[in-house]
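Below is one structure, written out as structure tokens, with a few remarks after it.
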């Protein structure tokens with residue numbers, strides 16, 4: 001059971017201008033869950049791509065069960081028993097589950113037999129899946145099942161998982177962990193990449209930590225506090241967000257009896273959502289994904305007009321106003337989806353800055369763009385939020401997720417909002433960058449702005465918010481002060497145990 | 001009634017098969033190209049290049065078969081140019097395709113200068129002892145030239161290949177999500193180049209069918225928009241081989257019918273009759289494509305294996 005499965009020694013890969021991996025060495029034993037930790041851009045993805053045969057190392061060797069292992073392409077990696085679940089799923093939406101599985105296998109049986117085998121495996125591992133459904137209709141969790149089953153059908157010895165839980169609800173994470181434990185009990189080794197340190201502490205046996213392409217240490221996650229791991233990743237101690245006592249001002253934003261029909265087939269209707277947030281306050285809104293978060297953001301940002309009186313800013317009804325009008329009044333928003341919603345992928349950072357800040361930062365004059373002012377504003381965001389980018393003319397798409405997130409949040413914070421609404425502000429962002437973003441939100445509140453933070457990360461909400469409420473099937477729970485709020489109480493709020501609601505479910 | 005009775009339905013059906021073959025071949029080739037995620041707007045250029053290559057070779061060798069082979073090769077060579085531009089130089093597919101059409105039209109009139117007014121060698125017709133002599137059916141189904149049957153066989157082949165084989169699955173996967181296909185280890189560029197060459201060869205065959213069988217002679221610009229109709233056919237047929245056949249028959253049928261109506265002296269201006277095949281084909285296919293089928297998701301997007 002404890003033999004070495006894969007040894008990696010001295011693996012190096014350089015791209016023009018950057019060394020992605022510099023002499024990385026580590027060992028994965030049979031049947032263990034091995035975590036690969038590192039900030040965004042530390043070289044984790046390049047490393048697993050080399051193991052999976054997508055990228056050829058410049059130097060260094062690997063052995064698999066004692067034999068030399070140098071896969072020239074993913075086909076060879078798969079025949080050697082290495083399988084991979086990708087961060088951005090490698091699925092084909094217009095095809096059905098069985099076809100998708102067949103594409104990831106070396107010698108797939110005829111589709112009829114394959115469908116039967118998919119059913120078998122999915123039942124064995126508790127991952128229910130209908131082989132004939134079209135992948136485009138599946139939820140993120142179900143899509144991941146397709147990827148996992150595609151891997152399992154080839155009886156892998158090593159399963160690589162690149163940030164598997166970033167798109168899953170807590171329940172789905174629970175199911176995934178059960179599956180992974182079942183696999184390791186059968187002797188399969190798992191190489192697990194994640195930012196979520198608590199998950200790694202719960203699941204992984206060993207961890208290898210990468211920083212700027214180098215292996216900077218190993219640890220046993222169960223015995224290492226999350227904070228210590230985070231500091232190994234970053235390379236230095238970083239400040240946890242600090243809260244200062246502050247005076248709460250008048251009610252800035254008031255939402256009263258907000259009901260909105262679901263948009264699209266998979267949306268959630270908002271039902272009589274009511275809350276108020278005061279100047280200087282951070283209101284945290286939690287809940288499992290898909291319980292109305294996107295709809296709430298759309299109603300607050302103005303993308304979805306609602307009854308005029310349902311949303312009030314400083315007492316004025318603004319429910320019918322569009323996003324631009326709300327921005328002028330000081331209500332700014334930063335949505336969850338970075339590429340495509342918060343930022344236009346192929347436009348430069350300067351152009352993206354103009355898109356939301358034109359009015360408040362006076363980047364436009366009589367219909368003409370003031371490029372100089374726009375670029376200066378963009379440079380301010382880049383320096384104030386430590387956005388790592390060659391310059392303001394870089395396309396948004398070229399930034400890593402964490403850096404783009406810092407830009408998106410920074411762009412709104414620097415416009416001096418009176419009310420700022422953010423959705424998943426630190427999703428997919430490494431620990432140090434997340435701490436910086438949270439600090440910025442706290443500073444903003446300390447400066448007298450009202451902040452609404454919608455997030456699925458409970459630790460984050462407990463860390464920064466003054467009061468907390470949870471969305472559940474489009475209803476907002478009673479809002480409570482986070483001071484002294486227990487985990488059990490939060491769980492009940494998220495579970496929707498509103499007394500009289502239970503009978504309906 | 002006088003006018004309609006002067007049109008022979010058997011002759012009409014028989015010539016429908018012939019009239020539809022050029023765009024059927026070209027559209028079938030483009031269907032495979034687009035299923036692989038590449039938008040090649042140069043069909044017209046590849047068709048007319050195939051038309052002159054096939055015509056010249058058939059005249060010089062006296063063999064229509066050699067002519068058709070040369071037409072396929074000519075179309076494929078032009079398509080190779082497109083493949084080099086879009087798959088290696090990562091040029092924009094729309095611009096490259098339009099350039100290919102203009103280039104093909106110019107090249108063909110250059111190559112065709114000595115061939116105006118010549119008659120090509122006749123292409124052999126199917127002559128089955130009993131079947132071809134059957135009344136009605138024999139005339140409509142069993143007495144065409146071999147390319148008609150080749151085109152029909154190709155429809156069945158492409159349909160079966162896309163639906164039932166692993167090669168077809170991989171081709172569709174590349175067209176659907178080239179990044180994912182690359183991540184799984186499939187050679188996106190190589191598969192696309194093969195598809196583009198197939199599309200060029202099919203377009204070339206379609207062009208040669210015009211110059212060797214349907215017309216049969218060489219005139220400049222003789223494809224007169226058939227390549228564009230083939231392109232439209234692929235879209236409105238929702239990228240399905242069976243519907244391409246249906247659309248091609250419809251277009252061929254209305255073309256032949258309106259010619260007959262013109263000859264019969266129907267009291268409708270000729271211009272309306274001439275536009276009717278285009279209008280009716282597009283109208284019917286638009287109605288048919290109103291289901292949920294959609295374009296390959298990577299269609300027209302440039303692929304570059306960045307990491």
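What to note about this one:
- Answer from A:368, A:385 - the residue that is out of contact with any strand residue (DSSP E or B) (no Cβ under 9 Å at 6 or more places or on another chain) and closer than 30 Å to residue A:281 by Cβ: A:385
- Yes/no for residue B:258 being more than 30 Å from residue B:85 (Cβ to Cβ), assigned to a loop (DSSP other than H, G, I, E, B), over 14 Å from the mean Cα position of the chain (by Cα) and at pLDDT 85 or above: no
- Those residues of segment A:1-49 which are away from every other protein chain (no Cβ under 14 Å), surrounded by fewer than 23 Cβ atoms within 10 Å (Cβ to Cβ), at pLDDT 85 or above and closer than 24 Å to residue A:403 by Cα, in sequence order: A:22
- Sole exception among (1) more than 14 Å from chain A (Cβ to nearest Cβ); (2) over 20 Å from the mean Cα position of the chain (by Cα); (3) surrounded by fewer than 16 Cβ atoms within 10 Å (Cβ to Cβ) for residue B:286, by number: (2)
- Screening segment A:50-133 for helices (runs of 4 or more DSSP H) wholly inside it with 1 or more residues that are within 11 Å of chain B (Cβ to nearest Cβ) and either within 30 Å of residue A:8 (Cβ to Cβ) or under 31 Å from the mean Cα position of the chain (by Cα) (or both) returns the ranges A:74-79, A:97-103.
- Options A:428, A:391, A:448: the member that is surrounded by fewer than 21 Cβ atoms within 10 Å (Cβ to Cβ), in a loop (DSSP other than H, G, I, E, B) and in contact with a helix residue (DSSP H, G or I) (Cβ under 7 Å, 6 or more places away or on another chain): A:428
- Of the residues making up segment A:319-334, those that are in a loop (DSSP other than H, G, I, E, B) and either loosely packed, with under 15 Cβ neighbours inside 10 Å or out of contact with any helix residue (DSSP H, G or I) (no Cβ under 6 Å at 6 or more places or on another chain) (or both) are A:320, A:321, A:322, A:330.
- Residue check, residue A:378 assigned by TED's automatic domain parsing to the domain that holds residue A:440, outside any strand (DSSP E or B) and closer than 28 Å to residue A:249 by Cα: no
- For segment B:152-175, the set of residues classified as within 8 Å of another protein chain (Cβ to nearest Cβ) and out of contact with any helix residue (DSSP H, G or I) (no Cβ under 9 Å at 6 or more places or on another chain) is empty.
- Here residue A:340 fulfils each of the conditions (1) buried (at least 17 other Cβ atoms within 10 Å of the Cβ); (2) within 25 Å of the chain's Cα centre (by Cα); (3) at positive phi apart from (1).
- Among the candidates B:300, B:265, residue that is away from chain A (no Cβ under 14 Å), over 21 Å from residue B:147 (Cβ atoms), loosely packed, with under 13 Cβ neighbours inside 10 Å and touching a residue at least 24 places away in the same chain (Cβ under 8 Å): B:265
- Of all residues assigned to segment B:231-250, at least one qualifies as being part of a helix (DSSP H, G or I) and under 18 Å from residue B:49 (Cα atoms).
- Given (1) at positive phi; (2) more than 14 Å from chain A (Cβ to nearest Cβ); (3) surrounded by 15 or more Cβ atoms within 10 Å (Cβ to Cβ), index of the condition residue B:99 fails: (1)
- Of all residues assigned to segment B:136-148, at least one qualifies as being at pLDDT 90 or above and surrounded by 18 or more Cβ atoms within 10 Å (Cβ to Cβ).
This table checks each residue for (1) closer than 24 Å to residue A:444 by Cβ; (2) at pLDDT below 90; (3) within 20 Å of the chain's Cα centre (by Cα).
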| residue | (1), (2), (3) |
| --- | --- |
| A:289 | no, yes, yes |
| A:296 | yes, no, yes |
| A:310 | no, no, no |
| A:314 | yes, no, no |
| A:323 | yes, no, no |
| A:326 | yes, no, no |
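- The one condition in (1) assigned to a helix (DSSP H, G or I); (2) at pLDDT below 95; (3) within 14 Å of another protein chain (Cβ to nearest Cβ); (4) touching a helix residue (DSSP H, G or I) at 6+ places or on another chain (Cβ under 7 Å) that residue B:186 fails to fulfil: (1)
- Residue list for segment A:134-149, restricted to those being surrounded by fewer than 21 Cβ atoms within 10 Å (Cβ to Cβ), touching a residue at least 24 places away in the same chain (Cβ under 8 Å), out of contact with any helix residue (DSSP H, G or I) (no Cβ under 6 Å at 6 or more places or on another chain) and in a helix (DSSP H, G or I): A:136, A:140, A:143
The values are calculated or read from the model by the stated rules, or taken from the named source; none is laboratory data. Because the structure is predicted, anything quoted here is derived from the model rather than measured. FYI the Cβ positions are ideal-geometry reconstructions off the backbone, even for glycines, and counts take in every protein chain you see.
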